[in-house]
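In what follows, a single structure is set out as structure tokens and then discussed.
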Amino acid sequence: MRITGLMDNSVSFLIGGEAGQGITRSGSLLGKALMRGGFHVFGANDYPSVIRGSHNFYVLRVSDEEIWSQGDSVDLLLALNKETILLHEDELTQGGGIVYDEQVELGEEELERDDIVLFPFPLTAAVEEMGGIAIMRNTVALGAALGLVGYDKEIMKGVIADTFAGRDRIIEMNRQAIYKGHAHAREPYDESYPCRLEPSDENPGRILPTGNDAVALGAISAGCKLYAAYPMTPASPVLHYLAAKDEEAGMAVVQTESEISAVNMVVGASYAGIRAMTATSGGGFCLMTEALGLAGMTETPLVLMVVQRPGPSTGLATYTSQGDLLFAIHASQGEFPRVIVAPGDVEECFYLTMEAFNLAERFQVQSLILTDKYLIESHKSTEPFDSERVAIDRGDLRIMEKWREEEEYRRYKFSGSGVSPRILPGTRGATVLANSNEHTDYGYTTSESEKTVAMVDKRFRKQEALREEVEGMDPVKTYGDADAQVTLVGWGSTKGPALEALKMLGREGVKARFVQVVYLEPFPSRAVGEALEGVGRRILVEANRTAQLGKLIKLHNGLAFEHVFLKYDGRPFNPGEIYAKAREALG
């Protein structure tokens, strides 16, 4: 396995065109083919909130070492229409190339660059020649890209066979398209493009999930038996994935009529003893907050993923943000303990989803998985997930035919930890009482002041136990040099670009570090304090306007950031942006 890039040991592709031209599918197919040749890949998509038309693009980066995000420039642009060329030519690396349909009329005056290479291909003609449909021009373009970088087309043919298994005609048509694009690249353009990708003889067996895929797989591995949701971008793919796997996973998957219905269905299922989950974005979460409070009052375990996108209101429906952190911590009226965990990559999406189920049931609280569009829809090559790394722990759930204790069952029995025995409704010899009012330890409604205080305190005793549990669960991760000159601090999807920025700083001899806060509620102040002690100049990196993690650190640790880098245009950070901020902070 060898790679030759224009700037470093990576090559970046950008595939662009109109919505409906199979842009994201093309990017993931190319990523899988390159991954099977031994390379590490990362892919991210960008699209507006329309079904057809308008401009979509997918950026795929490949390297011989693990990569965590897109880069700062593009080496090879696969343009399925003229608009893509005009929009992205300024992003090309010097010496980069553009693959486009030879039928596109591209005047010299329309291009602003004279340091790039043009590769006109018969994309439309090739598809017409073999009797294919117009959308298959993207497959011809993929073949052309593989040919230009000297990559084995047979690997892509295998990916196509797996992707379209059982649809022999589609497989054969796409194979022909790959062959035509590859052959045309090798004949007139042989050796004219400097980037090279030579695959390994062995497939390393990595997988290429999105964050949504990983969360769905984590739910299955955690024993989730009901998934109920109303479609809302960018959380909808979890519903789509699980709906296709419901029988295999032994799971009921329900598309409800609203977000309110979805969360109430999940609360009801959990009350009945079933592991259940829902997911939505900020607007849907607004509708779910009353049911979140119901779960808090009834101490019913709940797992809910909130996928952040820019707001308020509809905002930028298909773009990314980290603006809902404080909202998630304080969502619903009143006060009650909860868990908030923020994965930073696809691997963490899987394992932290499993942990979220365990914490929800062990402490009979609500676990919120806080993600964002960039993380949840991006592809990243990773090792296959191992569900045995996280053992299923259902806490004090007692499944029995008959209540056999001498004393009468009390759903909210007082305990030192605040966690009460939980049985299934319908257990003979016991009554499981629950409603949305304040209640006694038996579950009967009360408005007496002493009993109210006792029950509130009982619920909050869980928070201290939760805090100790979280502090022991690697709630803060550190990467890079322990004796750093500059330390980047962030959460969620800032992880990928920040780690790539560390590489850039390291190549210049700058000792740098990244501190990732994984658990945000209960806030792991002890772990955060240890991670931020004596680490050079600190830079807070967040995709929001108000530095929400910074506020939590100031509240819990008394630390303020002199250097803050905030981005809130709906687009993810590029590594170069963070690198530049670090250089600025160093002076």
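Taking the Cα centre of the chain as origin, work out the dipole magnitude from +1 charges on Lys and Arg Cβ and -1 charges on Asp and Glu Cβ, in debye rounded to 20.
Using Cβ point charges on Lys, Arg, Asp and Glu, the chain gives about 1640 debye.
With θ taken as phi - 60° and the coefficients 6.51, -1.76 and 1.60, list the Karplus ³J(HN,Hα) couplings across region 324-339 in order, rounded to whole Hz; mark glycine and proline as x.
In residue order, the calculated couplings are 10, 4, 5, 4, 5, 5, 10, 4, 6, 7, x, 10, 7, x, 7, 10 Hz.
Please sort by residue number the trypsin sites (Lys or Arg not before Pro) in region 1-94 whose DSSP state is loop and whose Cβ has at most 10 other Cβ atoms within 10 Å.
Here the sparse-neighbourhood loop sites are 52.
Count the net charge of all other residues whose Cβ sits under 9 Å from the Cβ of residue 383, scoring Lys and Arg as +1 and Asp and Glu as -1.
Its environment carries a net charge of -1.
On a full-extension model of 0.36 nm per residue, what is the gain between residue 414 and residue 233, subtracting their alpha-carbon distance, rounded to one decimal in nm?
Gain in length upon complete extension: 61.0 nm.
How much of the pair distance distribution for region 476-586 lies past 16 Å, counting alpha-carbon pairs only, in percent?
That tail contains 53 percent of the Cα-Cα pairs.
Per residue Cα convex hull volume for the chain, in cubic angstrom?
Given the Cα convex hull of the chain, per-residue volume reads 160 Å³.
Taking the Cα-to-Cβ direction at residue 255 and at residue 8 and moving 7 Å from each Cα, how far apart do the two end points lie in nm?
Result: 4.2 nm between the two label points.
Could you work out the relative contact order of region 368-475? I mean the mean sequence separation of Cα pairs under 8 Å and 6+ apart, divided by the number of residues, in percent. All intermediate terms of the calculation are to be shown ahead of the outcome.
Details: 104 pairs, mean separation 21.7, N = 108.
Value for region 368-475: 20 percent.
Counting only residues 5 or more places away or on other chains, whose amide H sits under 5 Å from the amide H of residue 372 once H atoms are built in the peptide plane?
Result for residue 372 returns 308.
Give, in nm to one decimal, the length gained when the segment between residue 526 and residue 240 is fully stretched (0.36 nm per residue of separation minus the Cα-Cα distance). Let's see the in-between values first.
Values: separation 286, 0.36 × 286 = 102.96 nm, distance 3.95 nm.
That pair, residue 526 and residue 240, stretches by 99.0 nm at full extension.
What FRET efficiency, computed as 1/(1 + (r/R0)^6) with R0 = 60 Å and r the Cβ-Cβ distance, is obtained for residue 1 and residue 274, rounded to the nearest 0.05?
After rounding to 0.05, the efficiency reads 0.85.
Give the percent of DSSP beta bridges with both residues in region 457-545 that are antiparallel, rounded to the nearest 5. Write down the numbers at each step before the final one.
Numbers: 5 of 14 bridges.
Once the DSSP bridges in region 457-545 are tallied, antiparallel ones form about 35 percent.
Considering the Cα trace of region 2-198, what is its radius of gyration and what is Dmax, both in angstroms?
15.4, 48
Using a 7 Å offset from the Cα along the Cα-to-Cβ direction at both residue 164 and residue 477, what is the distance between the two label points in nm, to one decimal?
3.7
Quick check for you: which residues of region 1-43 have the amide N under 16 Å from the point 7 Å beyond the Cα of residue 124 toward its beta carbon?
Inside the label zone: 17-18, 21.
Dividing the Cα radius of gyration by the Kirkwood radius, what Rg/Rh value follows for region 154-242?
Using only Cα positions, Rg/Rh for region 154-242 is 1.12.
Label residue 172 and residue 554 with points 7 Å out from Cα along Cα→Cβ: what is the distance between them in nm?
6.7
Just for the chain, what percent of DSSP beta bridges are antiparallel, to the closest 5? It would help to have the intermediate numbers written out before the result.
Details: 33 of 85 bridges.
Roughly 40 percent of the DSSP beta bridges within the chain come out antiparallel.
Where does region 408-536 land on the Kirkwood hydrodynamic radius, alpha-carbon pairs, in angstrom?
Mean inverse Cα-Cα distance, inverted, gives 18.1 Å.
For a quick protection proxy, order the peptides 550-556, 510-516, 278-284, 366-372 by their average other-Cβ count within 10 Å, most packed first.
Details: 550-556: 16.4, 510-516: 22.6, 278-284: 25.4, 366-372: 27.1.
So the order, starting with the most tightly packed, is 366-372, 278-284, 510-516, 550-556.
If I histogram all Cα-Cα distances within region 211-389 using bins 5 Å wide from 0, what percent of pairs lands in each bin?
Calculated P(r), rounded to whole percents: 1, 9, 20, 23, 24, 14, 6, 1, 0.
Could you pull out every one of the lysines with an alpha carbon less than 30 Å from that of residue 511, ignoring same-chain neighbours closer than 8 positions?
380, 477, 495, 503, 551, 554, 567, 581
Order by neighbour count: 393, 345, fewest other Cβ atoms within 10 Å first, most last. Before the final figure, lay out the partial values.
Numbers: 393 13, 345 22.
Placing the least packed residue first, the sequence is 393, 345.
Can you give the Rg to Rh ratio of region 397-471, both from alpha-carbon atoms, with Rh computed by the Kirkwood formula?
With Rg and the Kirkwood Rh in hand, the quotient comes to 1.01.
Please work out how much length the chain gains when fully extended from residue 50 to residue 392, using 0.36 nm per residue of separation minus the C-alpha to C-alpha distance, in nm with one decimal.
Answer, rounded to one decimal: 119.1 nm.
Tally Lys and Arg at +1 and Asp and Glu at -1 over the other residues with C-beta under 11 Å from the C-beta of residue 538: what net charge comes out?
Net charge in that neighbourhood comes out at 0.
At a Förster distance of 45 Å, what's the computed FRET efficiency of residue 333 paired with residue 196, Cβ-Cβ distance as r, to 0.05? Present the calculation step by step, with values, prior to reporting the outcome.
Numbers: r = 60 Å, r/R0 = 1.34.
Efficiency for this residue pair is about 0.15.
A short reminder: the numbers here are calculations on the coordinates, not readings from a lab. Computed from a predicted model, the values in this text were never measured in an experiment. Cβ atoms come from the backbone with ideal geometry, glycine included; neighbour counts cover every protein chain shown.
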